[in-house]
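The values are calculated or read from the model by the stated rules, or taken from the named source; none is laboratory data. The structure displayed is predicted, hence computed values, not measured ones. All Cβ positions, glycine included, derive from the backbone under ideal geometry; neighbour counts span all protein chains shown.
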Amino acid sequence: MNEKLPINKSIRELGDARAGLLFRALLEQTQDQVYFKDLNSKFVWVSDVMLSKYKLESMDDLLGKSDFDFFSREHAQKTFEEEQRLIRDDERLVNYVEKEIWPDGRITYVTSTKVPLRLDSGEIVGILGITRDITDEVKIQHQLEESRALLLKRNAIMEEDLQSARTVQRMTIPGLLPDVPFADVAVSITSLNEVCGDLVTFPLQNDRRMSLVLGDISGHGVTAGLFTMLAKHLADFYLKNESCGPDEALFVLDRHLEGLIPEGFLTAVAGVFYRKNEDELYVSLASSCQPPVLWYRSQTQEVEIVKMRGEGALGLGICDSFECRSLRLSRGDCLLFATDGATELENPDGVQLGVAKWAELFRGVGALDTEEIIRRLLTELERFSGGRFPQDDTTLLAVRIK
């Protein structure tokens, strides 16, 4: 293919005689690679940018040359056969992406348009081509595709890890519900994400005593989920001791979590139910920035909002003491614990449910069994939010005194 064939001078005459000054100005100024080839796919005329690309000083250095003089033989042969087919079949290629392989191994990419070149008589005398270099764009596209593939792979690994974390968390939080002779217990944990930032645990359970901790790690996702497991472990360890009160448990959690939760904290409420004798059942409660516990009193069928003073969230090292409240409970009484995913739930107008409305909802269902209480309250939360529940991790815990 390197044999010198006669150049079809009619194409040069077309450029010189008919295009004139405008034609020359176009070829000098355009940044696209514009070229004319004869019937043998040899260059006849090109834009100045092509001379620069091929490192040639003048048009005379290009005349009579073909792609075989500049590209790899594989690429040049493919281009030659393609152009000969366009000439033979009178077809055109418009804006297609072409990969160029240079003799030194470099690879560039261009968009090319090639059409048969005709004289006024209709005779095809060669090929007109317009090529634009898109190497940078293609490289960016390849990088994006590689990044996307890597991201998909990492996401798949992360999703698998999340599923494992969620499975482990659901097996351990809350774990087995208490089976004690003096109370029925029901729990619902609704997670905003795959892994929940709420925790509920029952460290001590026997015929005369039951302890619990309900908490909320700030933030969401895996980090919050990991620290729920740590907080549960600490609560289980210390509240298994019958001498440990709820206020002491919160103090210990604060000290052990201090500085561990990145830019975060734990809010929690702890409770210890205990019998003094067969006729007297009490609960001691302490809270750190959790919504108030609601106490449904069976004798009056009213709900009392049990507020407790707490000096701050846990894990910040700022809590020296917690108010501990003791309540004497009667048969049929029910205590409702909840994280702020319930009380801070917003309706479509952006208005929060609030503690007072939450207590009102509980009053309407407080006489029901614990599982039905939870089910009804979840329905009310869904209704209040206009179908946008949950907006945060939300845990509900109901304890009915037998």
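Residue-wise test of (1) without any contact (Cβ under 8 Å) to a residue 40 or more places away in the chain; (2) surrounded by 17 or more Cβ atoms within 10 Å (Cβ to Cβ); (3) not in a helix (DSSP H, G or I).
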site	(1), (2), (3)
L234	yes, yes, no
S243	yes, no, yes
I261	no, yes, yes
K276	yes, no, yes
L281	no, yes, yes
S287	yes, yes, yes
Taking E382, is it closer than 14 Å to A186 by Cα, out of contact with any strand residue (DSSP E or B) (no Cβ under 8 Å at 6 or more places or on another chain) and surrounded by fewer than 17 Cβ atoms within 10 Å (Cβ to Cβ)? no
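Yes or no, residue by residue, for (1) in contact with a Ser or Thr (Cβ under 6 Å, 6 or more places away or on another chain); (2) at pLDDT 80 or above; (3) loosely packed, with under 15 Cβ neighbours inside 10 Å:
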site	(1), (2), (3)
G15	no, no, no
G20	no, no, yes
Q33	yes, yes, no
K37	no, yes, no
K42	yes, yes, no
K55	no, yes, yes
D61	no, yes, yes
F68	no, yes, no
Pairs needed: first member in region 163-190, under 30 Å from E278 (Cβ atoms) and assigned to a loop (DSSP other than H, G, I, E, B); second member anywhere, small (G, A, S) and at pLDDT 65 or above; C-beta distance under 9 Å; at least 6 residues apart or different chains. L177/A186
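Hand me the list of strands (runs of 3 or more DSSP E) wholly inside region 79-158 holding 3 or more residues that are exposed (fewer than 12 other Cβ atoms within 10 Å of the Cβ) and free of Cβ contacts under 8 Å to residues at least 40 places away in the same chain. Spell out the reasoning first.
On the way: elements: 93-101, 107-118, 124-133.
Passing ranges, in order: 93-101.
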Out of (1) touching a helix residue (DSSP H, G or I) at 6+ places or on another chain (Cβ under 7 Å); (2) without any contact (Cβ under 8 Å) to a residue 60 or more places away in the chain, the odd one out for V306 is which? (1)
Take the conditions at pLDDT below 90 and closer than 27 Å to F237 by Cα and apply them to T201. Does it pass? no
Note on region 34-64: residues farther than 21 Å from T113 by Cβ and in contact (Cβ under 8 Å) with a residue 12 or more places away in the chain are M59, L63, G64
On the given criteria, is T300 among the hydroxyl-bearing types (S, T, Y) and closer than 30 Å to E194 by Cα? no
The condition from (1) in contact with a helix residue (DSSP H, G or I) (Cβ under 9 Å, 6 or more places away or on another chain); (2) surrounded by fewer than 18 Cβ atoms within 10 Å (Cβ to Cβ); (3) assigned to a helix (DSSP H, G or I) that A25 misses is numbered (1)
Taking the condition assigned by TED's automatic domain parsing to the domain that holds D179, in contact (Cβ under 8 Å) with a residue 24 or more places away in the chain and not in a strand (DSSP E or B), does G317 pass? yes
